[in-house]
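The values are calculated or read from the model by the stated rules, or taken from the named source; none is laboratory data. Keep in mind that what you see is a predicted model, and the values were worked out from it rather than measured. Please note: Cβ atoms are built from the backbone with ideal geometry, for glycine as well, and neighbour counts cover all protein chains shown. Heads up: the accessible areas ignore ligands, DNA and RNA and are worked out on the full protein's heavy atoms, side chains in. Shrake-Rupley method; radii C 1.70, N 1.55, O 1.52, S 1.80 Å.
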Amino acid sequence: MRFCVVGAGFSGAIIARHLSEKGHKVLLLDERTHIAGNCHTARDEATGVMVHHYGPHIFHTADRRAWDYICQFGTFLPYVNRVKAVSKGRMYTLPVNLLTINQFFETTMSPAQARSFIAGKADRSIKEPKNFEEQALSMIGPELYKAFFYGYTRKQWGLEPTELPASILKRLPLRFNYDDNYFNHPYQGMPEGGYSAIVENILKSTNIDLRLNTKFEEISEEFHHVFYTGPIDRYFEFRLGRLGYRTLDFERIDSDGDYQGTAVINYCDQEVPYTRISEHKHFAPWEADALQKTVSFREYSRLAEPNDVPYYPIRLANEKTMLEQYIELAGNTPNVSFLGRLGTYRYLDMDVTISEALSACDRIDVALNEGEPLPAFFIDPT
Ligand SMILES: Cc1cc2nc3c(=O)[nH]c(=O)nc-3n(C[C@H](O)[C@H](O)[C@H](O)COP(=O)(O)OP(=O)(O)OC[C@H]3O[C@@H](n4cnc5c(N)ncnc54)[C@H](O)[C@@H]3O)c2cc1C
């Protein structure tokens, strides 16, 4: 059979490889000039630094299947994300941990003391937080919320935290020890040769015809089925409206040596227009010291316009209503499956992307063996 896979990010690459290994012919398209989608990495000519083209990507997971899968295609070296944060002219560590608390309140509290101190700050009148702000106030109280979350969140989402769902903050850990590892996951690392080299290895399969610089809209060939990892609203020519995204602008900073001494520094104050600065050579600590020059990026967040790269789906009430209408449309469109972060309009970490693509491959096998039609979605995107 002949299939079309739209998008050569992790989602599309995994589906394409699987179909190819099963002996099917696959046309894999991407409108960009490179593979790996938003995880694309390339060595910067001016500095020799491995740059994460669409912003920093750190691999972290508790999912053994996703970890084992990706490790087949490249070597991962140890990397632990330790984020620093500037608030009102002072430097802290994130996520909020015992050092953050003790530095902020100028104390030397023990874990137990800090726990009851923060419990005293937390607003206990909020039983069921209705939004991001209430969630923060119910967990950490007003001082830490204003210092580390209010301004950053406003810049990141362009909205008051009272307009954002409480669920966003549920994901941020609060620690009463000195562990400043940004993630809790047992498997963490950075690919030695970058993410694009990993995707290149995934695509080393004979039945894949990869065409870069090619939009799906330009293709008129017939396929048994299309796996579409581009934006779902775009597939339907935005006929029900545009799903909202935040986009990012990156402002490049070139310098010699070491610009900021670490990979990521968040700028929490609302008056600073950017959200964070990432210095990419620190994402590869095994080679950072050998590089004479360095490149960093100030990151600015704003509402995506039609020609911008869609980064973070907004997914507030209006977008969810529109998404449901697109889901219905997709359900009535035979021979197309929507997947990946854009096809399902969800923020997905790489490990979740990989895990969902692998589960989709399982479903594809069953459907093709039984001669059943493939579903519009392999998961529920709502
Ligand atoms: C700023 C940022 C930072 C992130 N950091 C992390 C991190 O630290 N750790 C982590 O695990 N995850 C991170 N992620 C998530 C990660 O980027 C995603 O998990 C991953 O990119 C999803 O892969 P995908 O294949 O679904 O989508 P994508 O990578 O977006 O790939 C989709 C591809 O489809 C192509 N395409 C779309 N429409 C068409 C069309 N009509 N015709 C042809 N081609 C088309 C696009 O060009 C694109 O290359 C981050 C995401 C963002 C936005």
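Tabulated results
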{"read-out": "Selection from region 205-245 of residues that are among the hydrophobic types (A, V, I, L, M, F, W, C) and in contact (Cβ under 8 Å) with a residue 40 or more places away in the chain", "value": "208, 210, 212, 216, 219, 223, 226, 227, 232, 236, 240, 243"}
{"read-out": "Number of positions in region 5-25 that are more than 19 Å from residue 221 (Cα to Cα), outside any helix (DSSP H, G or I) and near the ligand (Cβ under 9 Å from one of its atoms)", "value": "1"}
{"read-out": "Residues satisfying the stated conditions in region 313-336, i.e. within 13 Å of the ligand (Cβ to nearest atom) and either touching a Pro at 6+ places or on another chain (Cβ under 9 Å) or under 20 Å from residue 31 (Cβ atoms) (or both)", "value": "313, 336"}
{"read-out": "Residues (within 11 Å of the ligand (Cβ to nearest atom) and closer than 18 Å to residue 55 by Cβ) located in region 232-256", "value": "245, 246, 247, 248, 250"}
{"read-out": "Output for region 354-365, where each listed residue is more than 23 Å from residue 222 (Cα to Cα) and open to solvent by 20 Å² or more (accessible area, probe 1.4 Å)", "value": "355, 356, 359, 362"}
{"read-out": "Boolean, residue 99 is among the aliphatic types (A, V, I, L, M) and more than 20 Å from the chain's Cα centre (by Cα)", "value": "yes"}
{"read-out": "Checking residue 35 against (1) surrounded by fewer than 16 Cβ atoms within 10 Å (Cβ to Cβ); (2) within 16 Å of the ligand (Cβ to nearest atom), the condition it does not meet", "value": "(1)"}
{"read-out": "Odd one out for residue 300 among (1) closer than 23 Å to residue 266 by Cβ; (2) touching a strand residue (DSSP E or B) at 6+ places or on another chain (Cβ under 9 Å); (3) within 11 Å of the ligand (Cβ to nearest atom)", "value": "(3)"}
{"read-out": "Any pair with Cβ under 8 angstrom, 6 or more apart, that starts in region 12-23 at a residue that is under 11 Å from residue 203 (Cβ atoms) and assigned by TED's automatic domain parsing to the domain that holds residue 357 and ends at one that is open to solvent by less than 10 Å² (accessible area, probe 1.4 Å) and part of a loop (DSSP other than H, G, I, E, B)", "value": "13/36; 16/8"}
{"read-out": "Yes/no for residue 69 being in contact with a Cys (Cβ under 7 Å, 6 or more places away or on another chain), aromatic (Phe, Trp, Tyr) and in a helix (DSSP H, G or I)", "value": "no"}
{"read-out": "Leading residue by the ranking (nearest to residue 63 (Cα to Cα)) among those in region 350-379 that are part of a helix (DSSP H, G or I) and among the small types (Gly, Ala, Ser)", "value": "355"}
{"read-out": "Any hit, region 107-126, residues being open to solvent by less than 10 Å² (accessible area, probe 1.4 Å), part of a helix (DSSP H, G or I), modelled with pLDDT of 95 or more and not assigned by TED's automatic domain parsing to the domain that holds residue 61", "value": "yes"}
{"read-out": "Where a residue in region 333-361 is of a type in the set (A, V, I, L, M, F, W, C) and its partner, wherever it lies, is away from the ligand (no atom under 12 Å from the Cβ) and part of a strand (DSSP E or B), with Cβ under 9 Å and at least six apart", "value": "336/225; 338/377; 339/377; 360/337"}
{"read-out": "Test result for residue 55, under 16 Å from the mean Cα position of the chain (by Cα) and either in a loop (DSSP other than H, G, I, E, B) or surrounded by 23 or more Cβ atoms within 10 Å (Cβ to Cβ) (or both)", "value": "yes"}
{"read-out": "Whichever residue in region 289-333 is open to solvent by 30 Å² or more (accessible area, probe 1.4 Å) and hydroxyl-bearing (Ser, Thr, Tyr) and, among such residues, is farthest from residue 278 (Cα to Cα)", "value": "333"}
{"read-out": "Hits in region 270-284 (condition: over 22 Å from the mean Cα position of the chain (by Cα) and among the hydrophobic types (A, V, I, L, M, F, W, C))", "value": "272"}
{"read-out": "Pair list, Cβ under 8 Å, 6 or more apart: region 180-194 residue within 24 Å of residue 92 (Cα to Cα), other residue among the basic types (Lys, Arg) and open to solvent by 30 Å² or more (accessible area, probe 1.4 Å)", "value": "180/82; 181/82; 182/82"}
{"read-out": "Any hit, region 73-85, residues being of a type in the set (A, V, I, L, M) and under 20 Å from residue 142 (Cα atoms)", "value": "yes"}
{"read-out": "Lone qualifier among 319, 328 - being at negative phi, at pLDDT 95 or above and either assigned to a helix (DSSP H, G or I) or among the charged types (D, E, K, R) (or both)", "value": "328"}
{"read-out": "Complete set of residues in region 68-88 that are within 15 Å of the ligand (Cβ to nearest atom) and open to solvent by 40 Å² or more (accessible area, probe 1.4 Å)", "value": "71, 80, 82"}
